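Enquirer: Mind having a look at this structure? Questions to follow.
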Amino acid sequence: MDAKIKRLGDAELEIMLILWHSKESVTSSYILEQLKEKRKWSLSTLMTSLARLAEKGFVHCDRTTRTNLYSALIKENEYKIQESKSFLEKLYGNSLKSLVTSLYDDQVINHADLQELKTYLNELDKEKR
């Protein structure tokens, strides 16, 4: 994982997903409403998590209006790439083949999934040429 980007806990990731999928900055009340199916949090619990995310450099809080507005400082794709690299490196020794083999052997993916992956990789290869 890049030294600049820290790892998110599950609850922090849920908050970031809300921010990433919002078209504009949002209030803490909006975030709390979006989380209500997954987390039974009080506003103070959410505020603590938002403060931690700000300390980690993930969230910006705009305090120039009467209501604090929260937005993501790190792009979703940037985080996903770092997490994917870390996951592949730590668990599969940077071997994509080992990852796919593990998923196939444990029946997480099936033959149709492998065919879809093969088609996708062939398309990528054609685009690179």
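The values are calculated or read from the model by the stated rules, or taken from the named source; none is laboratory data. Since the model is a prediction, treat every value here as computed from it, not as a measurement. Reconstructed Cβ throughout: ideal geometry from the backbone, glycine too, with neighbour counts over all protein chains shown. All accessible areas refer to the heavy atoms of the entire protein, side chains included, with ligands and DNA or RNA removed. Shrake-Rupley method; radii C 1.70, N 1.55, O 1.52, S 1.80 Å.
Enquirer: Taking the Cα atoms only, what angle lies between the long axis of helix 111-128 and the longest principal axis of the chain, rounded to 10 degrees?
Expert: That helix lies at roughly 90 degrees to the long axis.
Enquirer: Suppose accessible area is computed on protein heavy atoms with a 1.4 Å probe; arrange Lys90, Lys56 from highest to lowest.
Expert: Most to least solvent-accessible, the answer reads Lys90, Lys56.
Enquirer: Rounded to whole Hz and in sequence order, give me ³J(HN,Hα) for segment 100-105 from the Karplus expression 6.51 cos²θ - 1.76 cosθ + 1.60, θ = phi - 60°, writing x for Gly and Pro.
Expert: So the Karplus estimates, Gly and Pro as x, are 5, 4, 4, 5, 5, 4 Hz.
Enquirer: Using R₀ = 22 Å, calculate the FRET efficiency as 1/(1 + (r/R₀)^6) where r is the Cβ-Cβ separation of Tyr30 and Glu55; round to 0.05. Please list the in-between numbers first.
Expert: On the way: r = 21 Å, r/R0 = 0.97.
Efficiency computed from Cβ-Cβ geometry: 0.55.
Enquirer: Just the number, please: Stokes-Einstein D of the chain in µm²/s, Kirkwood Rh from C-alpha pairs, 4 °C, 1.567 mPa s. Show your work: numbers first, answer last.
Expert: On the way: Rh = 17.3 Å.
Calculated translational D: 75 µm²/s.
Enquirer: Probe 1.4 Å, all protein chains in place: accessible area of Arg52 in Å², nearest 10?
Expert: Accessible surface of Arg52 is approximately 120 Å².
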